[in-house]
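Q: Before we start, here is the structure in question, set down as structure tokens.
The values are calculated or read from the model by the stated rules, or taken from the named source; none is laboratory data. Predicted, not measured: the structure shown is a model, and the values here were computed from it. Cβ sites come from the backbone with ideal geometry, for glycine too, and all protein chains shown count toward neighbours. Heavy atoms of the whole protein, side chains included, go into the accessibility calculation; ligands, DNA and RNA do not. Shrake-Rupley method; radii C 1.70, N 1.55, O 1.52, S 1.80 Å.
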Amino acid sequence: MALVTQHQIQKFHQDGFLVLEHFFTPEECNSMREQIQGIIAEMEVPPHCRTEFSTKEGEQLQAQGSSDYFLTSGDKIRFFFEKGVLDERGNFLIPKERSVSKIGHALHAHDPVFKQITHSPKVQELGRKLGLEKPVVVQSMYIFKQPGIGGEVTPHQDATFLHTEPLGRVMGFWIALEDATQENGCLWFIPGSHTNGITRRMVRAASGASTCVEFVGSETTYDDSQFIPVPISKGGLILIHGEVVHKSELNSSEFSRHVFTFHIMEAKDTSWSKENWLQPTPELPFPPLYT
């Protein structure tokens with residue numbers, strides 16, 4: 001692997017993202033894809049996805065079930081589905097491996113292959129080059145972006161969901177396990193948009209509220225013309241600053257766009273918001289990146 005240059009690190013600070021092509025080998029990408037196939041083969045559909053949709057009460061139960069399932073997924077390996085892939089009894093309308101939208105949020109802690117990638121020497125080396133002193137891993141996800149149905153991800157900043165005091169302590173590592181192109185839903189960024197703070201936050205709702213999380217602040221409307229597409233080939237890594245604005249489009253192609261992504265936080269002199277949906281647990285405190 002080519003080591004990261006000071007010039008590239010400057011570019012990251014300037015743009016809020018950095019593309020590092022061929023950071024991982026095709027073999028490493030394939031090992032992650034094979035591992036996820038095994039995980040899907042053993043997947044049980046969560047009970048809340050099987051709630052009968054017939055009644056209003058059923059819908060509430062389902063929404064509550066989904067929200068609990070999401071809120072308590074920080075230290076587990078859990079399954080989230082694309083819209084419209086299950087019938088009202090929770091049976092798959094399409095092959096199950098084509099129905100999963102993402103798997104999260106603790107692959108890095110519970111799965112040996114993903115743990116090894118997350119803590120690989122080259123990732124640790126990159127962390128040191130970036131000047132991170134006490135980075136910890138806060139979450140990980142495998143994203144499928146399924147052919148034809150992989151939904152769009154609207155413009156957002158990761159710090160809306162993963163808030164710290166001060167800001168600027170969270171960073172995403174986004175690994176393309178297949179070529180990510182404009183056709184199959186590559187990322188788009190507004191370069192330099194990481195310097196203006198954040199305009200909204202997703203926080204845990206008060207207990208007894210109808211939803212498990214709520215948004216505080218206002219949603220910004222971004223000018224489409226400011227976004228630039230950032231295609232990347234298989235094995236490439238995109239570093240994503242916690243406040244940079246990015247999105248991805250619907251995948252209308254016949255090719256999937258598999259990705260493994262994880263977020264780290266510089267824990268030195270940083271406090272993790274108690275209002276974030278994701279919280280460390282006694283069973284799984286955020287593990288240090290450097291092993």
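Q: How much length, in nm to one decimal, is gained on full extension between E42 and E283, taken as 0.36 nm per residue of separation minus their Cα-Cα distance?
A: Fully extending the segment from E42 to E283 adds 84.4 nm.
Q: Once you put a point 7 Å from the Cα of S252 and another 7 Å from the Cα of D68, both along the Cβ direction, what distance in nm separates them?
A: Going by the 7 Å Cα→Cβ label model, 4.0 nm.
Q: May I have the pair-distance distribution P(r) for the chain, computed from all Cα-Cα distances with 5 Å bins from 0 and rounded to whole percent?
A: Taking all Cα pairs of the chain, the binned fractions are 1, 5, 11, 16, 19, 19, 15, 9, 4, 1, 0, 0 percent.
Q: Moving to a separate point now. What residue among D75, D15, D111 shows peak mean-square fluctuation when the chain is described by a Gaussian network model with Cα springs under 10 Å?
A: Comparing D75, D15, D111 in a Gaussian network model of the chain, the most mobile one is D111.
Q: Report the calculated FRET efficiency for E57 and Q6 (r = Cβ-Cβ distance, R0 = 51 Å), to the nearest 0.05.
A: Plugging the Cβ-Cβ distance into 1/(1 + (r/R0)^6) gives 0.30.
Q: Mind running the shape call on region 46-188? Use the C-alpha gyration tensor, a ≥ b ≥ c as the square roots of the eigenvalues: rounded below 1.5 for a/c, prolate if a/b tops b/c, oblate otherwise.
A: Here region 46-188 falls in the prolate category.
Q: What whole-number value in Å² describes the accessible area per residue of the chain for a 1.4 Å probe?
A: For the chain, the per-residue accessible area is 47 Å².
Q: Build a GNM of the chain with springs between Cα atoms under 10 Å: which of G185, G58, G197 gets the top mean-square fluctuation?
A: In the Gaussian network model the winner is G58.
Q: For region 265-277, what does the Karplus curve 6.51 cos²θ - 1.76 cosθ + 1.60, with θ = phi - 60°, yield as ³J(HN,Hα) per residue in whole Hz, taken in order and with x for Gly and Pro?
A: Result, ordered by residue: 10, 6, 7, 5, 6, 10, 10, 7, 5, 5, 8, 4, 4 Hz.
Q: Under 19 Å between alpha carbons, and skipping anything fewer than 8 positions from K134 in its own chain: which aspartates and glutamates qualify?
A: Those aspartates and glutamates meeting the cut-off are E125, E165, E266, D269.
Q: Also, I was wondering about something else. So, with a 1.4 angstrom probe, what is the percent of accessible area on region 238-291 that is carbon and sulfur?
A: Using a 1.4 Å probe with all protein chains present, region 238-291 comes out at 58 percent carbon and sulfur.
Q: What pairs in K102/K247; K11/K268; K83/K115; K102/K234; K76/K96; K11/K122 have C-alpha atoms more than 27 Å from each other?
A: Listed pairs above 27 Å: K83/K115.
Q: Can you tell me how much longer the chain between I228 and D269 gets when fully stretched, taken as 0.36 nm per residue apart minus their C-alpha distance, in nm with one decimal?
A: This chain segment gains 11.4 nm when fully extended.
Q: Given region 247-291, what whole percent of its Cα pairs are spread farther than 14 Å?
A: Counting every Cα pair in region 247-291, those more than 14 Å apart make up 70 percent.
Q: If contacts are Cα pairs under 8 angstrom and at least 6 residues apart, what is the relative contact order of the chain in percent? Display every interim value, and only then the final one.
A: Values: 605 pairs, mean separation 83.2, N = 291.
Averaging sequence separation for qualifying contacts and normalising by length gives 29 percent for the chain.
Q: Calculated from DSSP H runs of 4 or more alone, at -39500 (n - 2.57) each and per residue, what is the 222 nm mean residue ellipticity of the chain, nearest 500?
A: So the helix-based figure for the chain works out to -6500 deg cm²/dmol.
Q: Another question, if that's okay. Tell me, what ³J(HN,Hα) does each residue in region 61-69 have, in order and in whole Hz, if you take phi through Karplus 6.51 cos²θ - 1.76 cosθ + 1.60 with θ = phi - 60° and put x for Gly and Pro?
A: 4, 5, 4, 5, x, 5, 5, 5, 4
Q: Could you order L278, L284 so the one with the most accessible surface comes first? Probe is 1.4 Å. Write out the running numbers ahead of the final one.
A: Details: L278 0, L284 30 Å².
Largest accessible area first, the list is L284, L278.
Q: If you don't mind, another one. Have a look at M202, M43, M32 and tell me which one the Gaussian network model of the chain (Cα, springs below 10 Å) gives the largest fluctuation.
A: So, out of M202, M43, M32, the one fluctuating most is M43.
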